[in-house]
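The next block holds one structure in the form of structure tokens; read it before the comments.
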Amino acid sequence: MQKLFLAFIMLVLIISCKNETPKTRYYRNAETGNILSQAQHDTLKNALYTKVQKLSNVHVEEVLMDSIVSHDSIIQTFRFKVKIGQITEKEKIYNYLSHPIPTASLQTIGGESFDFSTLKNKPTLVNFWFAKCQPCIDEMPVLNQLKAKYAGKVNFISITFENKQTAEDFFSTHPFHFTKIVDAEAYIDNLGIQTFPKNIFIDKNGIIRNIEGPIPYTSGKEDMKMSNGEGFERLLDKLLKE
């Protein structure tokens, strides 16, 4: 009798599993918080991959993060990492996390001397870019918005290996409101930065707290575009509260 009862229970469980409704999968953009359907996520991913294939030495990677599972759905958090340059196991710059940013003899586009030691008492965002880096160009309008929002509270510095003339020609069509450091190839090489853009968040004591790549892309009405930089805002807000 007991064996018959157990067999009955097993049969019920098997039937229940077969009749279980498949869970609908959704995707949450870690940068914007937007929830996408499977089709919307695939469209965004394909658009991004198609765009970077047209650019030389550009690499894109989707990073799947935490997921939320309910009785009828799965919400998977994701973000895209876009890198410019040769991919290596680890860039030297990451060795400076939780350490002071190295100083060097640097010069602004206006010919003035620049030293990171003069920037203490305020958080600092340092952006590394170059003229033919499309993600660098795409994120500049968003970075300009951050500069306007945190004016007077945060230092905003841009650094490039481009020479003064190349940088001036570039800025004539791509306004960038950061303090501009040019001709910094030796400094960039010393830091070990190999992929661009690179965004470094420094606290008021000159310590590197976060190292990020580009502002993540998100989906637009017809194509992908840069998101609004909410992730960067959270990092700056955290540094301001410390």
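Values quoted throughout were computed directly from the atomic coordinates according to the rules given, and no laboratory measurement underlies them. Everything numeric in this text was worked out from a predicted model, so none of it was measured. Note that each Cβ is placed from the backbone with ideal geometry, even for glycine, and that neighbours are counted across all protein chains shown.
Observations on the model:
- Of the chymotrypsin sites (Phe, Trp or Tyr not before Pro) in segment 168-242, those whose Cβ has at most 12 other Cβ within 10 Å and which sit in DSSP loop: none
- Rounded to the nearest 20 debye, the dipole magnitude of segment 126-242 is 440 debye, with +1 charges on Lys and Arg beta carbons, -1 on Asp and Glu beta carbons, and the Cα centre as origin.
- A convex hull fitted around the alpha carbon atoms of segment 92-241 yields 111 Å³ per residue.
- Loop-resident sites, segment 150-242, for trypsin sites (Lys or Arg not before Pro), counting at most 14 other Cβ within 10 Å (DSSP): Lys153, Lys221
- Ranked packing of 143-149, 113-119, most packed first, by mean Cβ within 10 Å: 143-149, 113-119
- Computed on the Cα trace of segment 94-146, the radius of gyration divided by the Kirkwood hydrodynamic radius gives Rg/Rh = 0.99.
- Share antiparallel - DSSP beta bridges, segment 92-241, percent rounded to 5: 70 percent
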